[in-house]
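Student: What follows is a structure written as structure tokens; I'll ask about it next.
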Amino acid sequence: MLQVSIRRLRRQKLCLSLIAAAALFCAACDGTSANAQQSSSGPATFNIGATFLPTFIDPAKGIDAIFSFAQALTRVNAQGQVVPVLLVKLPQQQATSKWLLTLRPRITFQDGRALNAKTLVAAMTREMRLSPAAQADLPGAFFTVAGPLSVTVHTRGLVRLLPYDLADPAFDVYDVSAIAGAPNGDCGWAGRKAFTAAYEIATCTANSMTLVPYAKYWQGGPKLKKIQITLVSDPLAKVDGIEAGQLDMADSANEAAIKDAIRGRSNVQLKLSPVPLSLTRVYLNVTRPPMNDVMVRRAVLQALDYQALGTAFTSNVGQPGRGILPTGYPGAVANQKYDPAAASKLLTADGWRMANGTRTKGGKQLALTLLIYNERPALKQLAVAMQSELSAVGIKVSIQAQPFSYSMYNTTPWDLTLYNDYSVGPDGVPDSYLSTYLGSTGSENFGHIHDPALDRMLAQLVAAPDQATRNRLLTQIQNYVVLTKAYQSVVLYQKDGALVTSSWGCYVPDPDAYQYAEWNWNISRCG
Amino acid sequence: MTAGTGALAWPGGRARWLAAKVTGRLGQALLTMLGASILVWLLFAFAPGDPAQRALAARGILAPTPGELASERHTLGLGHPVVYRYFSWLVGALHGSFGRSYITQLPVATELGSRLAPTLRLAAMGLLFMIVLAGLSGMLAAFAANRAPDLAIRVVTVICAATPSFITGLFIIQFVVIRLGIGQALGNGGWADAILPGVALGLASLAVPARVFRQSLIDGLESYYALVAHSRGASKLRILLRHAAPNAITPFTHAIAVAAASLIGGTVIVEAVFNWPGLGSYLIQSVQARDLPVVQAITLLATASYILASLAADLISLAFDPHARGRS
């Protein structure tokens, strides 16, 4: 009898414990994130989830992810206007091929050395010697000391948009003496205090980077105590990181997977840029058979259904590509056409006969490798769609995915590749940027184009004396690239997107944010 | 009085008996490892198709010229006899060299280097949770055999077995990290951040060890020696801990060793859920890119981990083996 009573009592105790536990659990489920509440009260560390970390910190090698540890002489603002940064005023044109740069006084590098004419000339001379992007922007240019804070830029011929060119990260300013003896490797410059920006690189690994404030920053003490950048490629992991309060911001968030995932989630907002800042470009490797055949290239570009690729297959995150410049941009030409019948005719005329669904010529199949990189999962959908569209005209495509750092900067053979890029150059205009990916010496000429006629047109564009000439040349270049030579096309334009916590709700990705420039200048909570 | 079996019957006594057993187990593990390495190497070396063509295809050369094929064959050492190639590979593996990635052309060891430690931490944490949770639940279930707690534990373990680790991981992120504010959604590879992903891993693998432990303990509780102990006034808890548990450790450790295999495989999925900077995502990329040297190296490492887990289980069993204490 006593044992039965004890057992009943134990059962009652167990039930009460379970009820109490359930009540506690439900109390915790109040619909808002505990971490979110904590983050809105103001952590001193700004946490960013980035799809890429900088492959290189050295501007001469090409900074492809920009976190404001470096500054250039000028920058392009949200309105598309070039403004001085390290210069006290915009470059002054003294002659057709001479410009005067005047530095602001009392700017120091993060190592304490002064930024003056000598240190600027040292940096620019190194860039012109080592940086393909700088060489494409200002071919043949050199810099000389004109005074303690004055530097003369000598260009080869007229370079009308020099103030814009100097905004290119290829011309980021650094202390050459600080990087002397720096180890090779992606993070070799970390801790060297070589730049002038508000935050210096304290640590750098394959998966993360830490920036700490430079107390003597020329625009005043930075407000953030630390910027922590973590590599987060997976779209859903970005959402979880924001919602858990582990991240304040995550980049490259304008993706269908993210849009679906954040529906109904608290404390996660997707902020889009007002204009399309990004694009997905199709590079054709023009040195590799059969892509060295212009008829095949034309057929490939005409077999792509840009409308479908830019809408249905990308869940409407952007706009279909109509040309290699964004629709609505001054001088943009909508010359990309979907015409599979014309593509088939071209291939047949070129001797490619259809056999069992794939075209052959001289016993060889028309088989292409389409390269994509792992860090952009959305490229897979596009690649599969392109594979299907090209298959319809008898072109067999195999898709290959690689890490980004080896897909482009390596000699891996491929025939087609999809590449996410900015829709205009870091200097805000397409002129020098066209040279970067179409010019023979362009740093992003992944298609290995070597076309003297195109190089001449690009050089003429850079030196165009007025807008009318510029527009004429832009039209000529676009038609030459897409219709005549079929070197490239653009599949998709899309707005940049950033995932933010509600306390960063006022953030808007814009052309200024291309360089995440606002982090340079005393960024603080905006919500 | 008879001398009994086990250590006391061994010339030189318990110490020598143990030494012989340990040496034997180590030797078995080495032989198993050698056999596994042969199997792993053969699987990749004799996969359908020409290895040189595969290597070139992984780099995008789908239709190589005879010259390119010949060059690649020379680079891969395909002209040498099979035994020579295997031993070259084995010697390299023992020195930490697993060849070069087909895609990046960098040494595989370099590619694995920074990713291995986080994965090992995650696996270790998962193993720890599996052992602790399976042990505790098995004990509780055996103590309350055929009553409500036992039934509840059996239901929970079945649910854990049926739930993929990535579902558990997502659940943990949503309800523990985001709602309760405990832990991190994005792991940094360190020990502290390995706790929650370790729980996800451990939960997915604990079912079989927990059931084995429970049954072994119940067998112990129903044995003659338990009956004798009970007749002398020992409590059920004392019988469970003093008498049943030591005898149940052996089957429990073996069940843990078997479950370790699925746990190691589960790290790949859990790493993706928690953005863990380990081998998991790299393995997925390498499989997709047909980067066979990388896949081969990771397969070998996973196999070695499983063999080590089995060895550890055997050695622990030895320590708890009543024969080692001179009892038959």
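Student: Here are B:ILE284, B:ILE218: which of them is in the same structural domain as B:GLY187 (by TED's automatic domain parsing), in contact (Cβ under 8 Å) with a residue 60 or more places away in the chain and among the β-branched types (Val, Ile, Thr)?
Tutor: B:ILE218
Student: For segment A:80-125, give me every one of the strands (runs of 3 or more DSSP E) that falls completely inside it and has 1 or more residues that are among the basic types (Lys, Arg) and over 16 Å from A:PHE171 (Cα atoms). Let's see the steps before the verdict.
Tutor: Working: elements: A:82-84, A:92-95, A:98-102.
In segment A:80-125, A:98-102 are the strands (runs of 3 or more DSSP E) which contain 1 or more residues that are among the basic types (Lys, Arg) and over 16 Å from A:PHE171 (Cα atoms).
Student: Something else: Select from segment A:437-456 the residues that are surrounded by fewer than 21 Cβ atoms within 10 Å (Cβ to Cβ), among the hydrophobic types (A, V, I, L, M, F, W, C) and farther than 12 Å from A:ASN285 by Cα and list them in ascending order.
Tutor: Within segment A:437-456, just A:ALA453 meets the criteria.
Student: Among the residues of segment A:249-258, is any under 20 Å from the mean Cα position of the chain (by Cα), among the charged types (D, E, K, R) and within 12 Å of chain B (Cβ to nearest Cβ)?
Tutor: No, because not a single residue in segment A:249-258 is under 20 Å from the mean Cα position of the chain (by Cα), among the charged types (D, E, K, R) and within 12 Å of chain B (Cβ to nearest Cβ).
Student: Looking at segment A:206-220, which of its residues are more than 15 Å from A:GLY49 (Cβ to Cβ) and either in contact (Cβ under 8 Å) with a residue 12 or more places away in the chain or within 14 Å of chain B (Cβ to nearest Cβ) (or both)? Quick ask: steps written out before the conclusion?
Tutor: Of the residues in segment A:206-220, the ones more than 15 Å from A:GLY49 (Cβ to Cβ) are A:206, A:212-220.
Residues satisfying the conditions are A:ALA206, A:VAL212, A:PRO213, A:TYR214, A:LYS216, A:TYR217, A:TRP218, A:GLN219, A:GLY220.
Student: While we're here: Give the residue, chosen from A:ALA206, A:ALA253, A:ALA303, A:ALA198, that is hydrophobic (A, V, I, L, M, F, W, C), in contact with a Pro (Cβ under 9 Å, 6 or more places away or on another chain) and closer than 19 Å to A:GLY497 by Cβ. Let's see the steps before the verdict.
Tutor: Working: A:ALA206 fails: closer than 19 Å to A:GLY497 by Cβ; A:ALA303 fails: closer than 19 Å to A:GLY497 by Cβ; A:ALA198 fails: closer than 19 Å to A:GLY497 by Cβ.
Selected residue: A:ALA253, the only one of A:ALA206, A:ALA253, A:ALA303, A:ALA198 that is hydrophobic (A, V, I, L, M, F, W, C), in contact with a Pro (Cβ under 9 Å, 6 or more places away or on another chain) and closer than 19 Å to A:GLY497 by Cβ.
Student: Which condition number does B:PHE166 fail, the rest of (1) modelled with pLDDT under 90; (2) among the aromatic types (Phe, Trp, Tyr); (3) farther than 30 Å from A:ASN47 by Cα being met?
Tutor: (3)
Student: Moving on. Out of A:LYS238, A:LYS225, I need the residue that is within 14 Å of chain B (Cβ to nearest Cβ) and either farther than 30 Å from A:LEU461 by Cα or surrounded by fewer than 24 Cβ atoms within 10 Å (Cβ to Cβ) (or both). Which one?
Tutor: Working: A:LYS225 fails: within 14 Å of chain B (Cβ to nearest Cβ).
Only one candidate passes the filter, namely A:LYS238.
Student: For A:VAL317, are the conditions met, namely being buried (at least 17 other Cβ atoms within 10 Å of the Cβ), out of contact with any Phe, Trp or Tyr (no Cβ under 7 Å at 6 or more places or on another chain) and over 21 Å from A:VAL482 (Cα atoms)?
Tutor: The answer is yes for A:VAL317.
Student: Would it be correct to say that B:GLY169 is within 13 Å of chain A (Cβ to nearest Cβ), out of contact with any Leu (no Cβ under 6 Å at 6 or more places or on another chain), assigned to a helix (DSSP H, G or I) and under 23 Å from B:ALA259 (Cβ atoms)?
Tutor: Numbers: within 13 Å of chain A (Cβ to nearest Cβ): yes; out of contact with any Leu (no Cβ under 6 Å at 6 or more places or on another chain): yes; assigned to a helix (DSSP H, G or I): yes; under 23 Å from B:ALA259 (Cβ atoms): yes.
Criteria met by B:GLY169.
Student: Might you let me know whether segment A:126-133 holds any residue that is of a type outside the set (Phe, Trp, Tyr) and surrounded by fewer than 16 Cβ atoms within 10 Å (Cβ to Cβ)? It would help to see each step written out before you state the result.
Tutor: First, the residues of segment A:126-133 that are of a type outside the set (Phe, Trp, Tyr): A:126-133.
Remaining after also requiring surrounded by fewer than 16 Cβ atoms within 10 Å (Cβ to Cβ): A:129-130.
Yes: one or more hits.
Student: In addition: Tell me which residues, restricted to segment A:224-241, are under 13 Å from B:ASN275 (Cα atoms) and of a type outside the set (Gly, Ala, Ser).
Tutor: Scanning segment A:224-241 gives A:THR230, A:LEU231, A:VAL232, A:ASP234, A:PRO235, A:LEU236, A:LYS238, A:VAL239, A:ASP240.
Student: Which condition does B:PHE252 not pass, out of (1) among the aromatic types (Phe, Trp, Tyr); (2) modelled with pLDDT under 85; (3) touching a Gly at 6+ places or on another chain (Cβ under 8 Å), if it passes all the others?
Tutor: Single failed check for B:PHE252: (2).
Listed here are the residues, each with its yes/no results for (1) among the basic types (Lys, Arg); (2) crowded, with 16+ Cβ neighbours inside 10 Å.
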{"position": "B:PRO118", "(1), (2)": "no, yes"}
{"position": "B:GLY190", "(1), (2)": "no, no"}
{"position": "B:ALA194", "(1), (2)": "no, yes"}
{"position": "B:ARG211", "(1), (2)": "yes, yes"}
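Student: Restricting to segment A:457-471, and then to whatever is of a type outside the set (A, V, I, L, M) and in contact (Cβ under 8 Å) with a residue 12 or more places away in the chain, can you tell me which residue is surrounded by the most Cβ atoms within 10 Å (Cβ to Cβ)?
Tutor: Per the stated criteria, the residue is A:ARG470.
Student: Just checking, which of A:ALA385, A:ALA342, A:ALA308, A:ALA332 is in contact (Cβ under 8 Å) with a residue 24 or more places away in the chain, among the small types (Gly, Ala, Ser) and closer than 26 Å to B:ILE103 by Cβ? Even if it seems obvious, please write down each step before you answer.
Tutor: On the way: A:ALA342 fails: closer than 26 Å to B:ILE103 by Cβ; A:ALA308 fails: closer than 26 Å to B:ILE103 by Cβ; A:ALA332 fails: closer than 26 Å to B:ILE103 by Cβ.
Just a single option satisfies the conditions, and that option is A:ALA385.
Student: Can you tell me how many residues within segment B:61-79 are part of a loop (DSSP other than H, G, I, E, B) and surrounded by 12 or more Cβ atoms within 10 Å (Cβ to Cβ)?
Tutor: 6
Student: Scan segment A:346-386 for residues that are surrounded by fewer than 20 Cβ atoms within 10 Å (Cβ to Cβ) and more than 14 Å from chain B (Cβ to nearest Cβ) and report the count.
Tutor: Within segment A:346-386, residues that are surrounded by fewer than 20 Cβ atoms within 10 Å (Cβ to Cβ) and more than 14 Å from chain B (Cβ to nearest Cβ) number 11.
Student: Could you tell me whether segment B:142-157 includes any residue that is basic (Lys, Arg) and under 29 Å from B:HIS254 (Cα atoms)? Spell out how you get there, then give the answer.
Tutor: So in segment B:142-157, the residues basic (Lys, Arg) come out as B:147, B:154.
Still in the running and under 29 Å from B:HIS254 (Cα atoms): B:147, B:154.
The answer is yes; a qualifying residue exists.
Student: Please go through segment B:136-151 and pick out each residue that is assigned to a helix (DSSP H, G or I) and more than 10 Å from chain A (Cβ to nearest Cβ). Please lay out each step first, then the result.
Tutor: Residues of segment B:136-151 that are assigned to a helix (DSSP H, G or I), as a first pass: B:136-143, B:148-151.
Selection gives B:LEU136, B:SER137, B:GLY138, B:MET139, B:LEU140, B:ALA141, B:ALA142, B:PHE143, B:ASP150, B:LEU151.
Yes or no, residue by residue, for (1) part of a loop (DSSP other than H, G, I, E, B); (2) more than 30 Å from A:ALA178 (Cβ to Cβ):
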{"residue": "A:THR203", "(1), (2)": "no, no"}
{"residue": "A:VAL212", "(1), (2)": "no, no"}
{"residue": "A:ALA215", "(1), (2)": "yes, no"}
{"residue": "A:THR230", "(1), (2)": "no, no"}
{"residue": "A:LYS238", "(1), (2)": "no, yes"}
{"residue": "A:LEU247", "(1), (2)": "yes, yes"}
{"residue": "A:ALA253", "(1), (2)": "yes, yes"}
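Student: Please determine, by comparing only the residues of segment B:251-285 that are among the hydroxyl-bearing types (Ser, Thr, Tyr), crowded, with 19+ Cβ neighbours inside 10 Å and in contact with a Ser or Thr (Cβ under 8 Å, 6 or more places away or on another chain), which one is nearest to B:SER101 (Cα to Cα). Working first, answer last.
Tutor: Looking only at segment B:251-285, we keep the residues that are among the hydroxyl-bearing types (Ser, Thr, Tyr), and these are B:253, B:262, B:267, B:281-282.
Within this subset, residues satisfying the condition of being crowded, with 19+ Cβ neighbours inside 10 Å are B:253, B:267, B:282.
With the extra rule that they be in contact with a Ser or Thr (Cβ under 8 Å, 6 or more places away or on another chain), the set shrinks to B:253, B:267.
Details: B:THR253: 37, B:THR267: 22 Å.
This residue is B:THR267.
Student: With respect to A:THR196, is the statement that it is in a strand (DSSP E or B), out of contact with any Asp or Glu (no Cβ under 7 Å at 6 or more places or on another chain) and polar (S, T, N, Q) true?
Tutor: Numbers: in a strand (DSSP E or B): no; out of contact with any Asp or Glu (no Cβ under 7 Å at 6 or more places or on another chain): yes; polar (S, T, N, Q): yes.
When the stated conditions are applied, A:THR196 does not pass them.
Student: Take the residues in segment A:259-268 that are assigned to a loop (DSSP other than H, G, I, E, B) and more than 11 Å from chain B (Cβ to nearest Cβ); name whichever of them is nearest to A:ASP496 (Cα to Cα).
Tutor: For segment A:259-268, the residue satisfying everything is A:ILE262.
The values are calculated or read from the model by the stated rules, or taken from the named source; none is laboratory data. No experiment lies behind these values; they were computed from the predicted model shown. For neighbour counting, all protein chains shown are included, and Cβ atoms are generated from backbone atoms with ideal geometry for every residue, glycine included.
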